[in-house]
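K.L.:
Let me begin by handing over the structure; questions about it come next.
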Amino acid sequence: MGDGDMVVGKSWSEFRNAGLIWFVNRILHLFGWAIVVEVGEDGEVFDVYPARVKFRGFCQEVEERGFQRVTKYIKENVDEMLNESLLPTPKKKGGFHN
């Protein structure tokens, strides 16, 4: 596997449907931040941006749906996730920066 295979772009819709926006926002809410995802009537994401928020956390219904989506994603992808975790870390300098 070459270094170019280490990062695979995905859509915001896929990220959202996996429950990962909810999961990330649970952490960001602690700091008064969130990733806002705007979705059209057709269900497609049309904008994503960081925002300051005054609220913290989610209602019970959103929490339940979030845990269900993330758990489903893990169940469906666990073999691939395990295989990826066993890959050697690239040794060359540079790499990815935050």
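K.L.:
For the stretch 40-60, give me each residue that is touching an Asp or Glu at 6+ places or on another chain (Cβ under 9 Å) and outside any loop (DSSP other than H, G, I, E, B).
P.N.:
Filtering the stretch 40-60 for residues touching an Asp or Glu at 6+ places or on another chain (Cβ under 9 Å) gives 45-49, 57.
Selection gives Val45, Phe46, Asp47, Val48, Tyr49.
K.L.:
Still on this structure: Lys10 passes all but one of (1) under 17 Å from the mean Cα position of the chain (by Cα); (2) over 15 Å from Tyr73 (Cβ atoms); (3) in a loop (DSSP other than H, G, I, E, B); which number fails?
P.N.:
(2)
K.L.:
A follow-up question, please. Quick one: which residue in Glu80, Glu14 is of a type in the set (Asp, Glu) and surrounded by 10 or more Cβ atoms within 10 Å (Cβ to Cβ)?
P.N.:
Glu14 is the lone residue from the list that is of a type in the set (Asp, Glu) and surrounded by 10 or more Cβ atoms within 10 Å (Cβ to Cβ).
K.L.:
Is it the case, given these coordinates, that Ile27 is exposed (fewer than 15 other Cβ atoms within 10 Å of the Cβ), among the aliphatic types (A, V, I, L, M) and assigned to a helix (DSSP H, G or I)? Quick ask: steps written out before the conclusion?
P.N.:
Values: exposed (fewer than 15 other Cβ atoms within 10 Å of the Cβ): yes; among the aliphatic types (A, V, I, L, M): yes; assigned to a helix (DSSP H, G or I): yes.
Judged against the criteria, Ile27 is a match.
K.L.:
If Phe55 passes every condition in (1) modelled with pLDDT of 95 or more; (2) of a type in the set (A, V, I, L, M, F, W, C); (3) surrounded by fewer than 12 Cβ atoms within 10 Å (Cβ to Cβ) but one, which one does it miss?
P.N.:
(1)
K.L.:
Within the stretch 58-75, work out how many residues are loosely packed, with under 11 Cβ neighbours inside 10 Å and under 18 Å from the mean Cα position of the chain (by Cα). Give the derivation first.
P.N.:
So the first thing to find is which residues in the stretch 58-75 are loosely packed, with under 11 Cβ neighbours inside 10 Å, and the list is 59-61, 75.
Checking which are under 18 Å from the mean Cα position of the chain (by Cα) leaves us with 75.
The qualifying residues number 1.
The values are calculated or read from the model by the stated rules, or taken from the named source; none is laboratory data. All figures in this text were calculated on a predicted structure; none of them were measured in a lab. Neighbour counts run over all protein chains shown; Cβ positions are idealised from the backbone, glycine included.
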